Structure formats: C-alpha cells, structure tokens
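S.K.: Supplied in structure tokens, the structure appears directly below.
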Amino acid sequence: MNTMLNTTHTDTHSPTVATVSPQAKKDYTPKFSVIISVYNTEDYLSECLSSVVSQTLKEIEIICVNDGSTDASLEILQSYQQDDERITIINQENQGLACSRNNALAIAKGEYISFVDADDWIKNDALEILYKHSIKYNADMTMLGGTNYNNTTKDFEINTYYSFQYLPEDWDKERFDYHDCKDFITQMAVSSCLTIYKNKFLHENKISWINRKIVYEDNLFFAEALFKAKTMTFIKDTLYFRRIHSESITQNNRKHLKDFLIISKLLIDFLSELNASNSIFNQYKNVYSNLLIERYLDLETYEKIKYLYNFKNTYNSIAIKHVSYIKIIKKYIVRPAIKNISTLISKS
C-alpha cells in the first residue's frame, strides 16, 4: 500500500504533522530509514532515488519529504512510489531542510538513520556495508567517506574534508568517543549525509535539528550527537557522492550569513552548557571566530554593515564567560566595520 503523508503547518519554528495516512505494513523492522528532503531537484532526483531503491540491503524504508517543491519533484516521487512500497512521501509546505528532517525522523522506524540529499547519490552497497559495520561495533554514529562530483565538468573531485585525512597516521581505534578525537575534533566532517545514526540513540538523547528554516543546521546537530555518543566508528570507503552545482545550498554561503551567526552562537552556548573541556571549547571558539572573520572580510562594504548589525543582535546576550570570543570578533569584525562606516560617512 502506498503512503502519502501531508503536513500543512505553516509555523516553521515548530512544524507538526497535520494528518498521517496509514503506512504500509511490513513484516520486518527496517534496518535503515533513509531520509531524503526534496525541494525543486527534478534534474537530479531520479538518480538519487535510483541509487537508494537499488541498494543491496533490501530491508529499508525510504522517507521522502517534498518540501513545497514547485517543479516536477513530487511527480517524480510519486512515480517511484508506485513501483516501491518502501517509499513514504511527506508532502508539506516549504519549511526548510531542518524541519523536513525532523518531520521524517518523527515517523522513522529503522534501526539506523541515513540522510541523503536529493541531488546526491550513494554507492549501491553503501547501506549494507554501513549496517554490518555499525552492528558489529554497536555504534551510535558511523562516519563514512564521500567525494564531490562537479556537475559542470562531470569530474569527481577528491575532497580532503570528506576523506578522513585529518586522522593521525597511527590511528588504530575501531571504536571511540569524542575524548579520543580531542586533537582533531574541529576538523571532522560536519555533514548529516556523511554520518549514520542509531535511531534509538537520537530519540533517547532527544537529538533533533533546530526547528526553524535555517542553513548550517548540521553544525549544531552533529556537535550534539558527537558529544553524546558513547560509541562512534569510521568507514573510510567512499560511499557517498556529493553533487556540486550552482543551486547547492553550500555554494551560496554569502546569502546565509545571518544563519551562520545564529548557529555559531547556539553552538558556543551548547558547549558552555555541556561544560566541555577548555581545550575542546577553545578549539571550537577559535575555529568559529576565524570562520566569522573570513565571511566578514569576503563581503562588500554595504554587506559588512548589515553583517555587523546582525552580529550585534545575535550576540548581545552571549554569556559573559565567552568574553574572549567576543573580543576576537570585535577586533577583526566590529572595528574594521566601524572604520568602513566612518569612511562612507566622510565621503557622503
């Protein structure tokens, strides 16, 4: 029996499922719930879905969230659903990636959760490899290798960020937790699609995405899971293929600077509440300070003024213990911005 689930809630800060049609009954508990959020990806969606439905691991469910697409994405999803009863479609008004994943996670029944972006694809035996490995080590999280595919040149491009090149040469741990990663913890690839999660682990620790329409949501989700996981593992094999094209969210960083400010603050607050060690906290503080600075320096003058305004509104309530973090930002962002504003005024 095919399944269509509709969500019409319009408050993206706390989206809820309005109506749920009965799901197709299965005679097994899925080993994986594959969650695919879809928004206007008609050009790439078929390749993504084909890579998932053809997995060598058959005991899976596929939850596709049509996030208010205005192209033919929904029709493509429905076409695949007609041929594969493992597919459930959530059809909703546009709420963004974070809310879409939360809505799918709420109904996911698989032992493990995998996220695939609708313009990407996975190796045909990826889920079987990941499942066997994760079960062997009873992993809460398993990180996997990925590579980029340039949609313009049609070339595969090795990305050091997604290929574990940050690991020490003498690394020999089969299982570990965040304490073992303290020397490279901020170099780890932050990507929901390049990590699978035990479903029970996420629910017991109440780990979900920030319930709002926002970019960089992976940063906060990954950090929360990372610091709460008791057992993590790596699979260095390239199992995931990231399509790089002009419409990719990650290729439009300058459009989402306010989101980056918000996520950065929330991450610093989370680490503070967690009472992370000074060494780990300082690593995150320095990395995010540098990222904020880099993004600021990359802006045009008029954009810098807007960035400064958003920075002030975002960080005005930050805890006093983060004063050194704020001093770094003020030195490299606030003061240059004020200087730029003064220059503009003098020329007017």
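Results for (1) polar (S, T, N, Q); (2) within 19 Å of the chain's Cα centre (by Cα), shown as yes or no for each residue.
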{"residue": "ASP120", "(1), (2)": "no, yes"}
{"residue": "LEU127", "(1), (2)": "no, yes"}
{"residue": "LEU130", "(1), (2)": "no, yes"}
{"residue": "ILE135", "(1), (2)": "no, no"}
{"residue": "MET141", "(1), (2)": "no, yes"}
{"residue": "LEU144", "(1), (2)": "no, yes"}
{"residue": "THR147", "(1), (2)": "yes, yes"}
{"residue": "THR153", "(1), (2)": "yes, no"}
{"residue": "THR160", "(1), (2)": "yes, yes"}
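S.K.: Something else about it: Please state which one of LEU226, LEU239 is in the same structural domain as GLY146 (by TED's automatic domain parsing), surrounded by 19 or more Cβ atoms within 10 Å (Cβ to Cβ) and under 15 Å from the mean Cα position of the chain (by Cα).
M.R.: The match here is LEU226.
S.K.: Within segment 65-88, which residues are touching a residue at least 40 places away in the same chain (Cβ under 8 Å) and in a strand (DSSP E or B)?
M.R.: Within segment 65-88, ILE87, THR88 meet the criteria.
S.K.: Also, I was wondering about something else. Taking TYR162 as the residue in question, decide whether it is at pLDDT below 95, in the same structural domain as LEU97 (by TED's automatic domain parsing) and touching a Lys or Arg at 6+ places or on another chain (Cβ under 8 Å).
M.R.: It is true that TYR162 is at pLDDT below 95, in the same structural domain as LEU97 (by TED's automatic domain parsing) and touching a Lys or Arg at 6+ places or on another chain (Cβ under 8 Å).
S.K.: Out of the residues in segment 62-92 that are over 20 Å from the mean Cα position of the chain (by Cα) and of a type in the set (Asp, Glu), state the one that is nearest to ASN40 (Cα to Cα).
M.R.: The qualifying residue nearest to ASN40 (Cα to Cα) is ASP71.
S.K.: For segment 128-148, what are the residues that are outside any helix (DSSP H, G or I), surrounded by 18 or more Cβ atoms within 10 Å (Cβ to Cβ) and among the hydroxyl-bearing types (Ser, Thr, Tyr)?
M.R.: THR142
S.K.: Same structure again: Tell me yes or no: at least one residue of segment 159-172 is closer than 30 Å to LEU74 by Cα, in contact (Cβ under 8 Å) with a residue 60 or more places away in the chain and buried (at least 16 other Cβ atoms within 10 Å of the Cβ).
M.R.: No; the residues of segment 159-172 include none that is closer than 30 Å to LEU74 by Cα, in contact (Cβ under 8 Å) with a residue 60 or more places away in the chain and buried (at least 16 other Cβ atoms within 10 Å of the Cβ).
S.K.: Among (1) assigned to a helix (DSSP H, G or I); (2) touching a strand residue (DSSP E or B) at 6+ places or on another chain (Cβ under 9 Å); (3) without any contact (Cβ under 8 Å) to a residue 24 or more places away in the chain, there is one condition ALA225 misses while meeting the rest; what is its number?
M.R.: Among (1) assigned to a helix (DSSP H, G or I); (2) touching a strand residue (DSSP E or B) at 6+ places or on another chain (Cβ under 9 Å); (3) without any contact (Cβ under 8 Å) to a residue 24 or more places away in the chain, ALA225 violates only (3).
S.K.: What pairs come up if the first residue lies in segment 25-47 and is of a type in the set (Asp, Glu), the second is part of a loop (DSSP other than H, G, I, E, B) and at pLDDT below 95, and their beta carbons are under 6 Å apart, counting only those six or more places apart or on different chains?
M.R.: Close Cβ pairs satisfying both conditions: none exist.
S.K.: Can you tell me which residues in segment 262-279 are free of Cβ contacts under 8 Å to residues at least 24 places away in the same chain, among the polar types (S, T, N, Q) and assigned to a helix (DSSP H, G or I)?
M.R.: Step one: filter segment 262-279 for residues free of Cβ contacts under 8 Å to residues at least 24 places away in the same chain, giving 273, 275, 278.
After this cut, where a residue has to be among the polar types (S, T, N, Q) as well, the list is 275, 278.
Passing the criteria: only ASN278.
S.K.: Determine which single condition GLU204 fails, assuming it passes every other condition in (1) at pLDDT below 90; (2) over 21 Å from TYR288 (Cα atoms).
M.R.: Among (1) at pLDDT below 90; (2) over 21 Å from TYR288 (Cα atoms), GLU204 violates only (1).
S.K.: Mind listing whichever residues of segment 266-284 are at pLDDT below 80 and crowded, with 18+ Cβ neighbours inside 10 Å?
M.R.: Matches in segment 266-284: ALA276 only.
S.K.: Would you mention how many residues in segment 169-210 are closer than 21 Å to LYS31 by Cβ and part of a helix (DSSP H, G or I)?
M.R.: Number of matching residues: 9.
S.K.: Here is a further query. Across segment 125-141, what is the total count of residues that are more than 10 Å from SER114 (Cβ to Cβ) and among the hydroxyl-bearing types (Ser, Thr, Tyr)? Outline the logic, then answer.
M.R.: Here is the first cut: in segment 125-141, the ones more than 10 Å from SER114 (Cβ to Cβ) are 125, 128-129, 132-141.
Still in the list and also among the hydroxyl-bearing types (Ser, Thr, Tyr): 134, 137.
The qualifying residues number 2.
The values are calculated or read from the model by the stated rules, or taken from the named source; none is laboratory data. Predicted model, so just to flag it, every value in this text is computed and none were measured. Ideal geometry is used to build each Cβ from the backbone, glycine not excepted, and the neighbour counts take in all protein chains shown.
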